[in-house]
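To keep things clear, I will list the structure first and then write my remarks on it.
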Amino acid sequence: MNVIVVKNDVEGGKKAADMIREGVKNGAKVLGLATGSTPVEMYKNLIASDVDFTKMTSVNLDEYVGLAPDNDQSYHYFMQDNLFNKKPFAKSYVPNGLAEDSDAEAARYNKVIADNPIDIQVLGLGRNGHIGFNEPGSPVDAQTRKVALTESTIEANSRNFEHEEDVPKYAYSMGIGSIMKSQNIILMAWGAEKADAVKGMIEGPVTPDLPASILQKKDNVTVIIDEAAASKL
Ligand code: GLP
């Protein structure tokens, strides 16, 4: 793991965007993208840059079950709003939160990932160490599937919803097995509330109890964290 400590999310988002632009310059064709507050600065920097995604493909990590693409809490909507409206890709994939058959949706998405091997995967980090929506205990070889969210994640994500009971209880998430197949990974984390997860991810044992710790086993992983998130290292 290449660990880069920056002052704050503004500096970190710029660093991550520079890495993506460098990757695109070097021939990356498929980006794996993430939602949440963490990558927002990176997306702002990409929008402000001259990077061109119009011949590329994006594959998103996850989506809430039950939310339509035009629901402003959906990850579809987030991606439109934070990136795709300004920097479109030739093709962008996000799991379909309204799919009626969850097994069929998982299989469809796994084919998308198999057909579009990810050159650079962007990740955030849950307070409990989750990546995507791979919560503690998730099998390390898992592919895309419907997952139940933990109480801690529902509580953390409720800040984006009017009421905590509005937060969906399930999501589709790319699995850790698929994430680990990406050529390169850039994981970002900001703030003191991520410090425990960051410490476990970098210094702790590799354990399903802290899903991001599996990244210790992979080459080409860059972790960009701010001083607060690095404070327990
Ligand atoms: C969410 C998402 C993750 C994200 C994480 C952190 O549950 N599924 O992909 O990385 O939580 O969110 P945030 O960036 O808002 O702190």
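Bear in mind that the values in this text are calculations on the coordinates, not laboratory data. Computed from a prediction, not measured in an experiment: that's the story for all the values here. Don't worry about glycine lacking a Cβ; one is built from the backbone with ideal geometry, like all the others, and counts go over all protein chains shown.
Points worth noting:
- Elements of type helices (runs of 4 or more DSSP H) contained in the range 140-233, each with 1 or more residues being free of Cβ contacts under 8 Å to residues at least 12 places away in the same chain and either charged (D, E, K, R) or within 16 Å of the ligand (Cβ to nearest atom) (or both): 151-157
- Within the set P117, P136, the sole residue that is more than 24 Å from V198 (Cβ to Cβ), within 17 Å of the chain's Cα centre (by Cα) and surrounded by fewer than 18 Cβ atoms within 10 Å (Cβ to Cβ) turns out to be P117.
- Residue within the range 99-120 that is touching an Asp or Glu at 6+ places or on another chain (Cβ under 8 Å) and at negative phi present: yes
- Residues in the range 115-138 that are part of a loop (DSSP other than H, G, I, E, B), within 16 Å of the ligand (Cβ to nearest atom) and under 22 Å from A16 (Cα atoms): 9 in all.
- Among residues of the range 34-46 that are on the phi > 0 side of the Ramachandran plot, those with a Cβ under 8 angstrom from a residue that is within 11 Å of the ligand (Cβ to nearest atom) and assigned to a loop (DSSP other than H, G, I, E, B), sequence gap 6+ or separate chain, pair up as G36/G124.
- Selection from the range 1-26 of residues that are free of Cβ contacts under 8 Å to residues at least 60 places away in the same chain and of a type outside the set (A, V, I, L, M): K14, D18, R21, E22, K25, N26
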